[in-house]
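Notes for the one structure printed next.
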Amino acid sequence: MDTLTKIEDTIVLSDLVNKTNLDHATRRFVQMIEDGDVNPLDTIVKMHAVGKLVEGVTKNIMVKDAVKAELERYGTKTVKYNGVTFTLKAVSTKYDYSKCNDPIWQRLKKNADIAAAALKEREEFLKMIPLEGFTQVDPLTGEVVDTMRPEKRSEEGYSITFDK
């Protein structure tokens, strides 16, 4: 059996609407990759495509509005449907403190913004110092310190970009 057939046979969307089946399908995909039954690149490209599809549908404002309208027809905050529970609730709350006209908040915000910019500038400077570091005197304490470049850590991975 070829890779495409195995992957397509593994996904039956109507079976994935409960956590147990979803977990089982996930383990099955991972096992197929580990066992060498499928090409990992073929599989991850298809999984990435499914993720993009899901994201495109679930984040669409028209879809969100349609789902909310449908849930509101039930007349309750919680709706059990097809093995899942929907809950109508505030999913994002933001406060705009600039509208408060509070001078203390305004001063604190200004100081925080200045400090954030100064910290970013200092971090950029520290990235550029010589590999061996340098000796400096702390202007506040007079202490002599050996300053080193920051430790750089990175994780290798991959990215996927669909061709047009």
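The values are calculated or read from the model by the stated rules, or taken from the named source; none is laboratory data. Quick caveat, the model's predicted, so the values are computed rather than measured. Positions of Cβ are backbone-derived with ideal geometry, glycine not excepted, and every protein chain shown enters the neighbour counts.
Odds and ends about this structure:
- Asp37 being closer than 22 Å to Asn21 by Cα and either in a helix (DSSP H, G or I) or out of contact with any Cys (no Cβ under 8 Å at 6 or more places or on another chain) (or both): yes
- Test: residue in the range 99-119 that is in a helix (DSSP H, G or I), acidic (Asp, Glu) and either under 30 Å from Lys59 (Cβ atoms) or not assigned by TED's automatic domain parsing to the domain that holds Ala66 (or both): yes
- Residues that are in a helix (DSSP H, G or I) and loosely packed, with under 11 Cβ neighbours inside 10 Å, drawn from the range 68-96: Ala69
- Counted residues, the range 75-114 - those being farther than 30 Å from Leu22 by Cβ, over 27 Å from the mean Cα position of the chain (by Cα) and not basic (Lys, Arg): 11
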